[in-house]
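J.: Would you mind keeping the following structure in view while I ask a few things?
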Amino acid sequence: MSSRPDPAHTVGADLRADLERALASVNAVIVDKAEVVELAFSALLAGGHLLIEDLPGVGKTTLAQALSLVLGGSWQRVQFTNDMLPADILGVSIFRRQDEQFEFRPGPVFANVILADEINRASPRTQSALLEAMAEGQVTVDGQTHSLPQPFFVIATQNPLDLAGTYPLPDSQLDRFLLRTSIGYPSALEERRLLVEPDRRRMLQTLQPELDEHRVIGLIELAAGLHVAEPVLDYIQTLVQATRSHAGLRAGLSPRAALALIRTARAHALVRRQDFCLPENVKQIFPHLAPHRLQPLPESGLDSRAVVAEIIEHTPVP
Amino acid sequence: MNSHQAPLRPVAWTIAAFIIAALPHLAAMPAWLAAGIVAACGWRLAAAWRHWSPPPAILRLALTGLAITLIVLAFGGLWGRRTATALLCVMLAAKMMEMFTLRDLRLVASVSFFLIATQFLFSERLLYLGYLAVGSLVATIALVRIQNVEAGETDSAAPGAEVQAIGSAATLLLMSVPVALTLFFLFPRLAQPLWGLPDQVMDGRSGLSDDMSPGSISNLFLDDSPAFRVEFDGPPPPVDQRYWRGPVLWDFDGTTWTRPFFSDTPSRQFVPEGDASLTYTVQLEPHERRWLFTLDYPVRGPEQALITVDHQLLSRHPVTALTRYELVSNPEFIDMPDLPEGARAAALRLPEGRNPRSLALAEELRARHPDHRDLIAAVLSWFRTEEYFYTLSASPLGRHGADEFLFDLRAGYCEYYASAFAILMRAAGIPTRVVTGYQGGLWQAGSDYLLVRQSDAHAWTEVWLEGSGWTRVDPTAAVSPDRIEQGARSVIDGPRHRLDLDWLQTLRNRYDRLQHMWNRWVLGFDHDRQRQFLQKLGLPDLSTERIAALMLLVLTLVTGLVSLFLLRRARPRSTGAVDRAWHAMLRRLQRRGLRKRLEETPLEFAARVEAALPAHGGAFRRLAATYCRIHYGDQAEHEADFIDQAKGFTPRRA
Amino acid sequence: MATADSARLGADQRAPRRWFDRWIARRGPMRPPLTLRYRQIFILPTRFGWLLGLLMFAMLMGSLNFNNNLGLLTTFIVAGLASNSMLIAYRNLDRLQIQRSGAAPVFAGQTAQLLISLANPGGRARAGLEIACAERRQTFALPPGGFAEVAVALTTHHRGWLQPPRCRVQTRQPIGLFQAWSWFWPERPVLVWPQPADHPPALPEGGADQDGRQDQRQPDGDEFFSLRGWREGDPLHRVAWKASQRHNTLLARDLRQPRSRQLLLDLEQAPGRDLEEKIRVLTAWVLTAHRQHRAWTLRLGPDTIGPGSDEAHLHNCLKALALFP
């Protein structure tokens, strides 16, 4: 975006400054992928989770790591494998012989930021253990419920091509993720920088936490209070309505998805240093929010991403 | 067209359209019939409001049958325009009782146009232009509302719906004016009617009748409406020469003077033009009789007209529309220097056993004045010196009408005098006939025509004198010179005077001037005028086919222009001044070839503009950002600045 | 603006109909997505329009004959109204976009909802639009720059592809004098699944054999339900050694009943007098299996589908059943 409305930040000026710094730090490591970084922060500030689908080696993990480093708080990385069990994620109750009691040993899920690498390698049962925890913000093991820390942000990655021995996330579970995105190959310029500049991994180590859990919660609240004007609401409504009436889709977006769209558009506006929501925010978010919640009719031969692009293409901006 | 149960609002509009279209018809109907029709409308409205079901078919049929029977009884048959329109109104009112589908509503709404058109058969006065405008607007609104319902409008109670319907109907109607005017001026007019009209169809309206029995003109005196207007080539004749000749009456049966059997015989006499000949044009209001009024004596009239043996000018068909004709009259002509025997007999015939006292007086006069001229002078001076009055409130007369009038009543108006005088003259052996027509007329100050009103109707006599032929004698002039010199108005007494305030009179005269123009340019536009009109445009002597071709050509052109307007790309409807300024700016950019796509946000478009027009892009980007702040943000402080700057933004091609 | 020579053609007149269709097709694309322009828009007076025309003619003749100029003016104003309403009827369709059409699959005998998406790219609202398809009509309106989705019910009888008939989008705005319309063919046929048998026999249990088991990626650990802490008395073979090592404590596998065996639904083994009946039974079975969350394999002659239990598998099976020759 070459132009932005006047950045007259009156509300939460220091929070905004922190966010600014955090963005700058991540952008320093993840070169030329500002859009993806913005999306990631939007998912975080909208209180949702992020799924990154891309080939190995394009920087999924680097992005996730950079995010978790910058956000501060506790973070955990889980590399999924097919022999992993739900307990490996959630934790286990251990019987302690000395006092004849079960002791809960929290799994890696008990952290502010979880980097769930190659989630499709885990068995469906393990996947759904994580997804349920994401949805509910709590974990129940052996009849005991344990709350997860706040904020709680999951960045999952998935390799769409290497399918052998994997279990792609089922359609019905995908909407646990607020946004689904991909990184894409670097541009020629960026690639050159990657070749010339020091190793990304080493750069990661230079990252300092710019935020902490309290500030993230403050930013989430700030985002939730951003102004969304009637025309933007109209736009959102028209988009959602278009998914419901599209002949090539089995069902349209739910009201919950519409609410998520508004929430994420607000967060995106905050990330972009705006004081109010613009149609651009909606337009940027929608292609990452809608497709994985929509199922095209098998016989229509359509891809839900194409359908969503078509809908945006045909929806006038009020 | 389906059978929706028509909701209230379209029904109300349709009834309004019908009532407005039928208003003049209702006014001319017997009151009970009009009341019945209005009641039917009221019932229908209530039915739509209360969701009543239609009345049983038997009842509808019975009511309609009853109404038709009553019409037949009231109008004396089904033949005649008033009867026909009354019948149409009744049929529509009956249709109303069963118009429960949209199709019925449409029928009533569209027949309203027809009803409006039929009213013009009775009067085409300027006033009715307003009637046409309002009537067709309401009928169009009704049609729009009916269509709205058919198109599945559910919230017909929405407040904007009516305003929107009125707006679209007004646009539709306004846009039809160019087409209507083109057709009006270029549609080939008929030189002759396609079919004649049976006389029975003419059911009489204000105007001179073809007979005279004292009492029958009197209602005309109160009618201020114009009878005709005259433009002279040169100065108008003096006031006492303005006798407008109408029907000439020879036969008298004791109460009524009528035209004789030979009154349609064409004249064998050739009236030459003389030095004192007058050339003038008469613009005659339709009066549904055949006579055309002339000054004495018409030398030649329009084609299609005939001059009778007693110098009446007769049109071939009843005058049903405003008619213009050009005339030449020679006032110095001597009519019938020799009176044929038959004519003399007809001009002396009197019924047996009537008016004995008058006959006695005539005998006495005849003995005293052997010379006819002396006798006439004596009678006129008698009228003048004795106590005779001119009044419009005269009593009706009995069997010996002339006796009653001359010896007892001694008060009456022109018909009384003309009739009594003619009886006296015939009894005294002087051939006499009665002429009815108009006398006088108002010379409009500032305009160049003479206005003759219905109230100028007059009756006078013509006596045959040796050497001077038929000579006009106006006994009324002897009694009331004012009547002749100042017009009928001067002798009308009673409360009317109070209404005739000066300014009111001025206003009325102004209106008449307007009416005159209206008559001249709109109503009088006929076959000949159309030719003249085209000649003035430099298209002389076009055949009817050519005119039709010209009409099609112009019509195509006009329709093209109208369609350009109607099919123009609509601008997105924006409410505020900010939106207007923004869209105006977008239009200016569009003219430079940069069109904002619908799915583009303002800032995305701004980026594109910046790439295409580097010189202006920066300015536009700032404006777009401000627009976003106002449109999508919650601040409004930049509005005025934005509007100013947006107005100043004029992109030029790089 | 084009005016059709004839609005209605007898359905039985085959040859003229074909010629007419070809003629229509030459006038522009007829399948969505399409934008209606003058070549595709036809206009004819409605019945009411003809009636008003008759009335106008009567008014014209009367006024001309009487040389009644105000009467003529009235007639001509009505003529102007008519000409304008023709333009507006055309305007109401001009540049209208029919973006797509399609219908979700239904079982034979159900009504399919043919959804037609339309868009109004202009800045003018379009009211009183109507879609007429197979004698069903649906009115709708489009706000400026708006979208509409119109559902037209289609009756289905037989399984297989159902090509929806040629549809009309039409309007009689503003006063019902003229009907402007445009034809289009829905771009996608509707898939009609076989009608499930009303009282199908019970699912053929135990029919699964090695032929049915084609998926070699069934995970070994599938029968695990979860891990829990080792309790005294847990047999040794249920200790999960690997996991225990990771967690530094003794863990045991919590086992549950193994899944029921897979179903094989074979056309040849389905009961029924003829093919259609068999297919209807299979359809009912497939639906029942899916309802019971059981995995099944469908065998239709040489083709085998599955095994599977999810919705995608269900749809594949239904589609195969619908299209089985």
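The values are calculated or read from the model by the stated rules, or taken from the named source; none is laboratory data. The structure presented is a predicted model; accordingly, all values stated were derived computationally and were not measured. As a convention, Cβ positions derive from the backbone with ideal geometry for all residues, glycine included, and neighbour counts pool all protein chains shown. What goes into the accessible areas is simple: the full protein's heavy atoms, side chains included, and nothing from ligands, DNA or RNA. Shrake-Rupley method; radii C 1.70, N 1.55, O 1.52, S 1.80 Å.
J.: Give the long-range amide H neighbours of C:Gly146: residues separated by 5 or more places, or on another chain, with amide H under 5 Å away, using H modelled in the peptide plane at 1.01 Å from N.
T.: Those qualifying (amide H under 5 Å, at least 5 residues apart or on another chain) are C:Asn120.
J.: Largest first, please: the extent of the C-alpha atoms of segment C:1-193 along each principal axis, to the nearest Å.
T.: Ordered largest first, segment C:1-193 gives principal extents of 70, 41, 29 Å.
J.: Please report, in debye to the nearest 20, how large the charge dipole of segment B:8-153 is about its Cα centre when each Lys and Arg carries +1 at its beta carbon and each Asp and Glu carries -1 there.
T.: On the way: 11 positive and 5 negative charges, 20 e Å.
Its charge dipole is roughly 100 debye.
J.: Can you give me the relative contact order of chain B as a percent, contacts being Cα pairs under 8 Å and 6 or more apart? Mind dumping the intermediate values first?
T.: Working: 946 pairs, mean separation 80.5, N = 654.
12 percent.
J.: May I ask for the accessible area buried between chains A and C, both sides summed, probe 1.4 Å, to the nearest 100 Å²? If you can, show how the numbers build up before the last one.
T.: Working: alone 15350 and 19340 Å², together 32130 Å².
By this definition, chains A and C bury close to 2600 Å².
J.: Which cross-chain or sequence-distant (5 or more) residues have an amide H under 5 Å from the amide H of C:Leu96, H modelled 1.01 Å from N in plane?
T.: Answer set, sorted by chain and number: C:Leu36.
J.: Oh, and also: Working from Cα positions, state the angle (0 to 90°, nearest 10) between the long axis of helix B:502-518 and the longest principal axis of chain B.
T.: 70
J.: Right, another one. For the pair B:Arg529 and B:Trp43, how long in nm is the line joining their label points, each one 7 Å along Cα→Cβ?
T.: 4.4
J.: Quick one: accessible area per residue over segment A:225-318, 1.4 Å probe, rounded to a whole number of Å²? Before the final figure, lay out each step's value.
T.: Values: 3150 Å² over 94 residues.
Normalised by residue count, the accessible surface of segment A:225-318 is 34 Å².
J.: Given charges of +1 on the Cβ of Lys and Arg and -1 on the Cβ of Asp and Glu, with all other atoms neutral, how large is the dipole of the protein assembly as shown about its Cα centre, in debye to the nearest 20?
T.: Details: 138 positive and 132 negative charges, 600 e Å.
It comes to approximately 2880 debye.
J.: To continue, here is another question. How large is the translational diffusion coefficient of segment A:225-318 in µm² per second when you combine the Kirkwood radius over alpha carbon pairs with Stokes-Einstein at 10 °C and 1.306 mPa s? Mind showing how you got there, number by number?
T.: Numbers: Rh = 13.3 Å.
In µm²/s, the coefficient rounds to 119.
J.: Considering the alpha-carbon set of the protein assembly as shown alone, what are its Rg and its Dmax in angstrom?
T.: Radius of gyration, then largest Cα-Cα span, for the protein assembly as shown: 48.2, 169 Å.
J.: With chain A treated as a Gaussian network of Cα nodes joined by springs under 10 Å, which of A:Leu189, A:Leu179, A:Leu71 yields the largest mean-square fluctuation?
T.: Evaluated over chain A, the most mobile residue of the options is A:Leu189.
J.: In nanometres, what is the gap between the two model label sites at C:Asp274 and B:Val239, each 7 Å from Cα along Cα-to-Cβ?
T.: With each label point 7 Å from Cα toward Cβ, the separation is 10.8 nm.
J.: Would you mind giving the total buried accessible surface between chains C and B, with a 1.4 Å probe and ligands, DNA and RNA left out, rounded to the nearest 100 Å²?
T.: Working: alone 19340 and 32290 Å², together 46820 Å².
Summed over both sides, the interface buries about 4800 Å².
J.: Hey, another quick one. Considering the zone a paramagnetic label at A:Gln208 would reach in this model (a point 7 Å from Cα along the Cα-to-Cβ line), which residues of segment A:60-79 have amide N under 13 Å from it?
T.: It comes to A:70, nothing else.
J.: While we're looking at this one, here's another question. Just subtract the alpha-carbon distance of B:Arg622 and B:Thr265 from 0.36 nm times their residue separation and send over the number in nm, one decimal. List each step's numbers first, then the result.
T.: Working: separation 357, 0.36 × 357 = 128.52 nm, distance 9.20 nm.
Roughly 119.3 nm would be gained on extension.
J.: If you don't mind, another one. Using a Förster distance of 30 angstrom, determine the FRET efficiency expected from the C-beta separation of B:Asp211 and B:Leu504, and round it to 0.05.
T.: 0.30
J.: What Kirkwood radius, in Å to one decimal, follows from the Cα pairs of chain B? Walk me through the numbers before you get to the answer.
T.: Details: mean 1/r = 0.0329 Å⁻¹.
Mean inverse Cα-Cα distance, inverted, gives 30.4 Å.
J.: Which lysines, if any, have their Cα less than 16 Å from the Cα of C:Lys319, not counting same-chain residues under 8 positions apart?
T.: C:Lys278
J.: Could you tell me the largest-minus-smallest coordinate of the C-alpha atoms of segment B:577-648 on each of the three principal axes, in descending order and whole angstroms?
T.: 30, 24, 19
J.: Taking the Cα of B:Glu466, stepping 7 Å toward and past its beta carbon, and measuring to each backbone N in segment B:351-374: which are under 18 Å?
T.: Zone members listed by number: B:366-374.
J.: So which lysines pass the test for A:Lys60, namely a Cα distance under 28 Å, with those fewer than 8 places away in the same chain ruled out?
T.: Output for A:Lys60: A:Lys33, A:Lys283.
J.: Taking just the alpha-carbon atoms of chain A, what radius of gyration and Dmax come out, in angstrom?
T.: That works out to 20.1, 69 Å for Rg and Dmax.
J.: Sticking with this one: Check which residues have an amide H placed less than 5 Å from C:Leu251's amide H, if you skip close sequence neighbours.
T.: Sorted by chain and number, the residues that satisfy this are C:Trp230, C:Ala240, C:Ser244.
J.: At 7 Å along Cα-to-Cβ for each site, give me the label-to-label distance between A:Glu313 and B:Tyr511 in nm.
T.: If labels sit at A:Glu313 and B:Tyr511, their model points lie 6.8 nm apart.
J.: If you don't mind, there's one more thing I want to ask. To one decimal place, what Kirkwood hydrodynamic radius in Å is obtained for segment B:301-433 from all pairs of distinct Cα atoms?
T.: Details: mean 1/r = 0.0574 Å⁻¹.
Taking the inverse mean of 1/r over all distinct Cα pairs, segment B:301-433 comes out at 17.4 Å.
J.: Largest first and in whole Å, give the semi-axes of segment B:211-499's equivalent ellipsoid, each being the square root of 5 times a Cα gyration tensor eigenvalue.
T.: Result for segment B:211-499: semi-axes of 29, 23, 17 Å.
J.: Net charge within 14 Å of B:Met336 by Cβ-Cβ distance, Lys/Arg positive one each and Asp/Glu negative one each, not counting B:Met336 itself?
T.: Values: positive: B:Arg268, B:Arg344, B:Arg433, B:Arg472; negative: B:Asp296, B:Asp310, B:Asp335, B:Asp338, B:Glu341, B:Glu462, B:Glu466.
Counting the neighbours of B:Met336, the net charge comes to -3.
J.: To the nearest 0.05, what FRET efficiency results for B:Arg595 and C:Ala125 with a Förster distance of 25 Å applied to their C-beta separation? Please report the intermediate quantities before stating the final value.
T.: Numbers: r = 21 Å, r/R0 = 0.83.
It comes out at approximately 0.75.
J.: Roughly what % of Cα-Cα distances in segment B:8-153 sit above 20 Å, to the whole percent? Walk me through the numbers on the way to the answer.
T.: Numbers: 4922 of 10585 pairs.
That fraction is 46 percent.
J.: Still on this structure, please answer the following. At a Förster distance of 25 Å, what's the computed FRET efficiency of B:Leu127 paired with B:Met551, Cβ-Cβ distance as r, to 0.05? Intermediate values should be presented prior to the final figure.
T.: Values: r = 29 Å, r/R0 = 1.16.
So, using R0 = 25 Å, E works out to roughly 0.30.
J.: Dipole magnitude of chain B about its Cα centre, charges +1 at Lys/Arg Cβ and -1 at Asp/Glu Cβ only, in debye to the nearest 20?
T.: Working: 68 positive and 67 negative charges, 798 e Å.
Result for chain B is approximately 3840 debye, rounded to the nearest 20.
J.: Related question: Give the carbon-plus-sulfur fraction of the accessible surface of segment A:56-126 in %, rounded to a whole number; probe 1.4 Å, heavy atoms of protein chains only. If you can, show how the numbers build up before the last one.
T.: Working: 1320 of 2800 Å².
Ligands and nucleic acids excluded, carbon and sulfur reach 47 percent.
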